[in-house]
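Q: Structure in structure tokens, see below.
The values are calculated or read from the model by the stated rules, or taken from the named source; none is laboratory data. On a predicted model such as this, the values are computed, not experimentally measured, just so you know. Neighbour counts are summed over all protein chains in view; Cβ atoms, including those assigned to glycine, are modelled from backbone coordinates with ideal geometry. Heads up: the accessible areas ignore ligands, DNA and RNA and are worked out on the full protein's heavy atoms, side chains in. Shrake-Rupley method; radii C 1.70, N 1.55, O 1.52, S 1.80 Å.
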Amino acid sequence: MTQNCEIAQLGADVLRQISAKVENINSPAIRKIIDEMTTTLANTQGVGLAAPQISQLQRIIIVASRPSTRYPHAPLMLPTVMVNPSYEALSEQTEKDWEGCLSIPGIRALVPRYTSITVQYEDVRGLTVQSMLEGFVARVFQHEIDHLDGTVYLDRVETNTDIISETEYLKLFV
Ligand code: NI
């Protein structure tokens, strides 16, 4: 049984460091990280997780959009492991929407993100995948990639008045 890991919280050095490119996706160490990330994310209400959040500085993210109490309007997709991910904006168009982070509990903020992007990553078999993402899923992807570069979403907030408590956030959807 894979271990459920503690999620690094804002202030931890590991959230501010640059993750290393994964060289061998089949190595036991990398496999273990992917398994631990999968288990850890499944035990939360989160829609994504990056390896630094379980204190592993490797370029691995999981995007797992699903409706939940935290994100009632999220589309449903299978959890997707993405290794060495990158993206390019399809246009300069951005939009602001709410984000939260398992490493920053109790807080939500409006964050500007590109609305449509092309992404590239290696899947769990090591095959290169290219696809186009839009809207909420594109947002999650950009949020998780930021973690690989030591950035958290609060760094991208335009004004402090765009930051609210989760309690107030949940009131927006009743
Ligand atoms: Ni996050």
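Q: Could you tell me whether residue 118 is closer than 28 Å to residue 56 by Cα and modelled with pLDDT of 95 or more?
A: Yes: the conditions hold for residue 118.
Q: Considering only residues that are among the charged types (D, E, K, R) and either out of contact with any Ser or Thr (no Cβ under 6 Å at 6 or more places or on another chain) or within 23 Å of residue 135 (Cβ to Cβ) (or both), which ones fall in segment 37-71?
A: Selection gives 66, 70.
Q: Now for a different question. Filtering segment 96-132 down to residues that are touching a residue at least 12 places away in the same chain (Cβ under 8 Å) and of a type in the set (Ser, Thr, Tyr), which residue is least open to solvent (accessible area, probe 1.4 Å)?
A: Looking at residues that are touching a residue at least 12 places away in the same chain (Cβ under 8 Å) and of a type in the set (Ser, Thr, Tyr), I get 103.
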